[in-house]
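So the structure is just underneath, and the comments pick up after that.
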């Protein structure tokens, strides 16, 4: 029986070699060298935080180091593009997000990659609601007061984002559209520098993802006004949702998932999906996500993740078109 299983594995790997031009043979010893996980944002942001947690646990399960490589810029699309153009041998992965793979196709006029066709989709790992916060000097204690303040000073308040076309950019643009307010967008190269900007008073607000904002929120360095999920977040149970505060149907959240270049060997994809699913199911990973205001979630299969992404692309194509976001 063991011999039969081994033969099936070898045949599967061989088929991958025949069908995928330029792909490296997926040996039974995979991985036999370190991997890299490309994160398209600066260190310290939400994607980086989750990426490093996943990389550490994946290193333990694979028996090889998984090095995090930050390639910030262009709303995370530089890193995603680098991953898409890497060898599909299983040694280069990326942490795809709502920004890089769902919003970017509708936001950028000339995106250098196709979020579906140019990637192998392995599994989701986490989802987290967005959180609207302001600098403590801003005279607003809830969403209604913030909207009233913005309406009294049109074009005077600034907000930060992790970059043009990112989910943090779109979340605030969605709020601007819903509340009919005028705010000035200041893009940064990732959540971490955007959060530093609001703590330092360079900008007045940010609608960012929970992992990057939670520590400063709990420390009182920023004031939370609303969460973007339909319901309140267990991480900040006293902060009402935007929907609760007069914007029914409003929803802004970030999902994160592990991907690789298109045409990765099937055996490698199956191995990675199995290991990532096991990681996400552990109490330790749940505790790490809870501490950062995120919810662990794994895709049942790579195919399920791929189909989910197709739906997300279609959804955000409609939103970016309705709001009028179009970047070069």
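Residue 133 fails exactly one of the following numbered conditions: (1) within 11 Å of residue 207 (Cβ to Cβ); (2) part of a helix (DSSP H, G or I). What is the number of that condition? Here residue 133 clears every test but (2). Scanning segment 112-127 for residues being free of Cβ contacts under 8 Å to residues at least 60 places away in the same chain and either surrounded by fewer than 20 Cβ atoms within 10 Å (Cβ to Cβ) or over 18 Å from the mean Cα position of the chain (by Cα) (or both) gives a total of 2. Would you check which residues across segment 88-111 are out of contact with any strand residue (DSSP E or B) (no Cβ under 7 Å at 6 or more places or on another chain) and in contact (Cβ under 8 Å) with a residue 40 or more places away in the chain and list them? Selection gives 89, 99, 100, 101, 102, 103, 104, 105, 106, 110.
Among helices (runs of 4 or more DSSP H) entirely within segment 209-328, having at least 3 residues that are buried (at least 16 other Cβ atoms within 10 Å of the Cβ) and not assigned by TED's automatic domain parsing to the domain that holds residue 94 singles out 210-218. Every condition in (1) surrounded by 20 or more Cβ atoms within 10 Å (Cβ to Cβ); (2) modelled with pLDDT of 95 or more; (3) out of contact with any helix residue (DSSP H, G or I) (no Cβ under 6 Å at 6 or more places or on another chain) holds for residue 174 except the one numbered (2). Taking (1) surrounded by fewer than 23 Cβ atoms within 10 Å (Cβ to Cβ); (2) touching a helix residue (DSSP H, G or I) at 6+ places or on another chain (Cβ under 9 Å); (3) closer than 18 Å to residue 189 by Cβ; (4) modelled with pLDDT of 95 or more in turn, residue 95 satisfies each apart from (1). Test each condition in (1) modelled with pLDDT of 95 or more; (2) buried (at least 20 other Cβ atoms within 10 Å of the Cβ); (3) closer than 23 Å to residue 236 by Cα for residue 130 and report the one that comes out false. The failed condition is (1). Could you tell me whether segment 72-86 includes any residue that is crowded, with 21+ Cβ neighbours inside 10 Å and more than 17 Å from the chain's Cα centre (by Cα)? The answer is no, given that none of the residues of segment 72-86 is crowded, with 21+ Cβ neighbours inside 10 Å and more than 17 Å from the chain's Cα centre (by Cα).
Exactly one residue out of 224, 234, 240, 248 is at pLDDT below 95 and over 26 Å from residue 299 (Cβ atoms), and it is 248. Being out of contact with any strand residue (DSSP E or B) (no Cβ under 7 Å at 6 or more places or on another chain) and outside the structural domain of residue 293 (by TED's automatic domain parsing) holds for only one residue in 158, 164, 135, 191, and it is 135.
Scanning for something touching a residue at least 24 places away in the same chain (Cβ under 8 Å), over 29 Å from residue 290 (Cβ atoms) and crowded, with 18+ Cβ neighbours inside 10 Å, does segment 140-151 turn up at least one residue? Yes, there is a match, as at least one residue in segment 140-151 is touching a residue at least 24 places away in the same chain (Cβ under 8 Å), over 29 Å from residue 290 (Cβ atoms) and crowded, with 18+ Cβ neighbours inside 10 Å. In the set 165, 155, only one residue is in contact with a helix residue (DSSP H, G or I) (Cβ under 8 Å, 6 or more places away or on another chain) and not in a helix (DSSP H, G or I); that residue is 165.
The values are calculated or read from the model by the stated rules, or taken from the named source; none is laboratory data. These figures come from a predicted structure and were not determined experimentally. Positions of Cβ are backbone-derived with ideal geometry, glycine not excepted, and every protein chain shown enters the neighbour counts.
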